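Shown next, in structure tokens, is the structure this report addresses.
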């Protein structure tokens, strides 16, 4: 299980500035529900001073995504737009006393949302729709430009680093070769050589019992997911809510929030908690997605 700082936990359980800003004059949208993470950042900017008077966020994602969004809004309130543009994803992580390496992509998403919102306010074009570069990771829709910029900004060295900061390569792994090519090129520009074996420790031998363990069948996996949902259902029902399993599609687990949980401002936090519980129980990387994401998937396949 990931080790979260007290500040990350505080901003997850008590997020600041959740929801849209009233009378906002700047909006930044990044990510997509179909890829598992999405963030809308709204700002109220003083047109005379270019100062950010208020900031709010609406996030779909894990606890780290919510905490990063909450931290970002706290950091930028009172800043001028030019000063806000100097905020890096590492600044967001530092504000939270660090993020687990596997969750650094949440701070990157926050930085991009801020750039998008300021561009929107200034009437400039900003997009993450991959028109600038070739799509490298199809699982999470991450393009070449995004990977290059993140490698340079954060001095990344390995494919694992790139996955932690962008999610690229965290799905089917078919894009690992493309990521290695980008790392080779960018590191060469900096006078360094890409080492495919860097920071890759030799795996420790598994216990005999683990070696003999057979993977779950699809039916067993679904039953396991249902059991894990039953474990957290009492907590939801105490708040007059509930959750039902809709479909399991590989790493994607689609659920429907019911009752008070449906439409709640912190529904994304609830989904993040469900995702963490299922990931821990299954011992694998999964995405918990809402019913609307399932409808979107079916529409795209039609």
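Worth pointing out:
- The convex hull of the Cα atoms of the range 85-195, projected and averaged over all directions, covers 7.3 nm².
- Pairs of Cα atoms in the chain fall into 20 Å distance bins, from 0 up to the last occupied one, in shares of 31, 58, 11, 0 percent.
- Dividing the summed helix terms, -39500 (n - 2.57) for each DSSP H run of n ≥ 4, by the number of residues in the chain produces a 222 nm estimate of -14000 deg cm²/dmol to the nearest 500.
- Max-minus-min Cα coordinates of the range 218-301 on each principal axis give 32, 29, 18 Å, with the largest extent listed first.
- When DSSP beta bridges are restricted to pairs lying wholly in the range 218-301, around 75% turn out antiparallel.
- Inter-part distance, the range 45-77 to the range 131-197, computed on C-alpha centroids, equals 27 Å.
- When the Gaussian network model of the chain links Cα atoms closer than 10 Å, the mean-square fluctuations of 69, 88, 107 top out at 88.
- Taking every DSSP beta bridge that has both ends in the chain, the antiparallel portion is near 85%.
- Pairwise Cα distances in the range 135-189 exceed 18 Å for 15 percent of all pairs.
None of the figures in this text is laboratory data; all of them are computed from the coordinates on show. Please read these numbers as outputs of a predicted model, since none were measured by experiment.
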